[in-house]
1. Just one of 333, 342, 351, 338 is farther than 23 Å from residue 274 by Cβ, surrounded by 19 or more Cβ atoms within 10 Å (Cβ to Cβ) and modelled with pLDDT of 75 or more; which is it?
2. Being under 26 Å from residue 138 (Cα atoms), assigned to a helix (DSSP H, G or I), in contact with a helix residue (DSSP H, G or I) (Cβ under 8 Å, 6 or more places away or on another chain) and modelled with pLDDT of 85 or more is true for just one of 363, 369. Which residue is that?
3. Take the conditions surrounded by 22 or more Cβ atoms within 10 Å (Cβ to Cβ) and closer than 22 Å to residue 170 by Cβ and apply them to residue 114. Does it pass?
4. Tally the residues that are surrounded by fewer than 24 Cβ atoms within 10 Å (Cβ to Cβ) and in a helix (DSSP H, G or I), restricting the search to region 218-231.
5. Does region 294-303 contain any residue that is over 22 Å from residue 254 (Cβ atoms) and either at pLDDT below 80 or touching a helix residue (DSSP H, G or I) at 6+ places or on another chain (Cβ under 7 Å) (or both)?
6. Could you list all residues from region 274-306 that are free of Cβ contacts under 8 Å to residues at least 40 places away in the same chain and either in a helix (DSSP H, G or I) or under 17 Å from the mean Cα position of the chain (by Cα) (or both)?
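The values are calculated or read from the model by the stated rules, or taken from the named source; none is laboratory data. Quick caveat: nothing in here was measured; it's all calculated off a predicted structure. Neighbour counts run over all protein chains shown; Cβ positions are idealised from the backbone, glycine included.
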């Protein structure tokens, strides 16, 4: 998976260290994926409050991600990698101190800025410095999924032996390792940025109809993500009686296989076929989740990871196919607006739907939006 590190030009341009930053971020967020909902339950935060708190993340992420992406097209990507390192420490400290819904809300704001500062520049950075753009994007997503999976796999054991606070301290120490990685990163700057440049960049009326359709399609995909993201799967498995260690193991295997399948399928099938097949399989397994027995449940969780990997391999081809190389940060940010706004809406509704209608309602809804996105993307690609 790391065989492209031996390319001298890519090493000189800092791709190896940019990937190391991605690895650290992925591991930290993998642990937080399991730790945070359980910590919130431990500190008596209601399920309805959880949904509202988690809903702020995509809003903060996307509103800043677009602005950061536009700015990085002009002033370089490196400054935002430094911001990411800082916000990794800040959001972990906030969770460590949080005792109330407001405290966790502040933590989510910090986490959103951390996500925005990284994901506004990572794809553009790799595309700036690699000749094989589609290949490196899929490899980067695969690597990210694998190390996020390792974080999830480790979370159950860390929480069992270190409990919550010591695990957060360990993650803070790990986040400090980001800063030595940043020195070798190289920028391709265009010049100064001002308000006029930002406003012009935000005006995407001149973009193609195809681009605009995909913005709308990603909005539907965000609906699907919101009904299964954040706290939902760890909470669902806990309510189903699964031990904390096993929650980490099976969700970690799910993420690990998502990365592996994204890597394996990057050179198989067309992009549109991977989008359709991956989306339909995700929908099928989600519909089955709430009705599965304790013996079948882990298998379905793992199968959703495999299907997700196929879908990721297809969706990454969209970014290379319809973005402008001169405005990568802006175009990718605009494409993801719909996804994050949609995700925020359904995440905010999820806690109330679980309380009133049960987990089956959100899994059914997520499956429906996965199918709709996959169908539109397949025919529009």
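1. Details: 333 fails: modelled with pLDDT of 75 or more; 342 fails: farther than 23 Å from residue 274 by Cβ; 338 fails: farther than 23 Å from residue 274 by Cβ.
Step by step, each of 333, 342, 351, 338 is checked, and only 351 is farther than 23 Å from residue 274 by Cβ, surrounded by 19 or more Cβ atoms within 10 Å (Cβ to Cβ) and modelled with pLDDT of 75 or more.
2. On the way: 363 fails: under 26 Å from residue 138 (Cα atoms).
The conditions single out 369.
3. Yes, satisfied.
4. Matching residues across region 218-231 total 3.
5. As a first pass, look at region 294-303 and keep what is over 22 Å from residue 254 (Cβ atoms): none.
No: region 294-303 contains no residue that is over 22 Å from residue 254 (Cβ atoms) and either at pLDDT below 80 or touching a helix residue (DSSP H, G or I) at 6+ places or on another chain (Cβ under 7 Å) (or both).
6. Looking only at region 274-306, we keep the residues that are free of Cβ contacts under 8 Å to residues at least 40 places away in the same chain, and these are 277, 281, 285, 288, 292-293, 295-296, 299-300, 303.
Of everything in region 274-306, those that are free of Cβ contacts under 8 Å to residues at least 40 places away in the same chain and either in a helix (DSSP H, G or I) or under 17 Å from the mean Cα position of the chain (by Cα) (or both) turn out to be 277, 281, 285, 288, 299, 300, 303.
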